[in-house]
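What follows is calculated from the coordinates using simple rules that are stated; it is not laboratory data. A quick note: this is a predicted structure, and the numbers were derived from the prediction, not measured. Heads up, the Cβs are rebuilt from the backbone with ideal geometry, glycines too, and the neighbour counts pull from every protein chain shown.
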Amino acid sequence: MATQTTRRRFTTTEYHRMAQAGILGEDNRVELIDGEIVEMTPIGRRDTACLKRLNGRFAQGFGDVALIGVQDPIHLNDYTEPQPDLSLLRLQPDFCASHHPLVEDIFLLVGVVQTSAAPDQQFKVPLYA
């Protein structure tokens with residue numbers, strides 16, 4: 001007899017409470033995708049080098065008119081808070097101290113992938129689109 005497993009989706013509020021309670025620590029490389037806590041893939045040397053180059057270019061071109069987020073959370077909805085490699089965001093007077101950037105704050109999201117292309121294409125490309 002097959003048993004059906006029921007999954008419970010977490011909200012972003014619950015996800016933040018887990019971090020505040022110490023269930024999720026700063027060293028946990030996770031993000032919330034459609035209510036599920038998903039481990040992030042390790043960052044390779046070539047990925048970080050590419051990210052550093054892009055960050056430098058973005059800072060030169062957009063540093064005065066936009067915020068640049070590097071692997072910072074963005075709030076897409078009540079169940080999804082990914083951490084794109086690079087984000088170009090609307091300027092915020094408090095530099096997003098009061099809340100993670102919302103959909104309306106986002107100009108561009110960039111994912112740098114070498115080893116994680118398949119999972120990122122499956123889950124993140126539709127989210128970022």
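Brief remarks on what is shown
- Ranked by how many other Cβ atoms sit within 10 Å of their own Cβ, fewest first, the residues Asp27, Asp47 fall in the order Asp27, Asp47.
- The chain: angle of helix 45-62 to the longest principal axis, Cα-based, in degrees nearest 10: 50 degrees
- Averaging the sequence gap over all C-alpha pairs within less than 8 Å and six or more residues apart, then dividing by the number of residues, gives the chain a relative contact order of 22 percent.
- The 3J(HN,Hα) values that the Karplus relation (6.51, -1.76, 1.60; θ = phi - 60°) gives for the range 12-23 are, in residue order, 5, 4, 5, 4, 5, 5, 4, 5, 5, 7, x, 5 Hz. Gly and Pro appear as x.
- Here Cys50, Cys96 are placed in order of increasing Cβ neighbour count within 10 Å, fewest first, which gives Cys50, Cys96.
- Taken over the range 27-67, the ratio of Cα radius of gyration to 2.2 N^0.38 Å equals 1.58.
- Cα point-scatterer Debye curve for the range 24-101, base-10 log of I(q)/I(0) at q = 0.26 Å⁻¹: -1.25
- 20 °C / 1.002 mPa s Stokes-Einstein diffusion coefficient of the range 1-48, Kirkwood radius on C-alpha pairs, µm²/s: 167 µm²/s
- Full extension of the segment from Ile23 to Gln60, taken as 0.36 nm per residue of separation minus the current Cα-Cα distance, would add 9.5 nm.
- Once the Cβ-Cβ distance of Gln114 and Thr6 is raised to the sixth power relative to R0 = 30 Å, the FRET efficiency obtained is 0.25.
- In sequence order, calculated HN-Hα J values of the range 122-129 (Karplus, 6.51, -1.76, 1.60; Hz; x Gly/Pro): 5, 9, 8, 4, x, 5, 5, 5
- Over the chain: helical MRE at 222 nm, DSSP H runs n ≥ 4 each giving -39500 (n - 2.57), nearest 500: -7000 deg cm²/dmol
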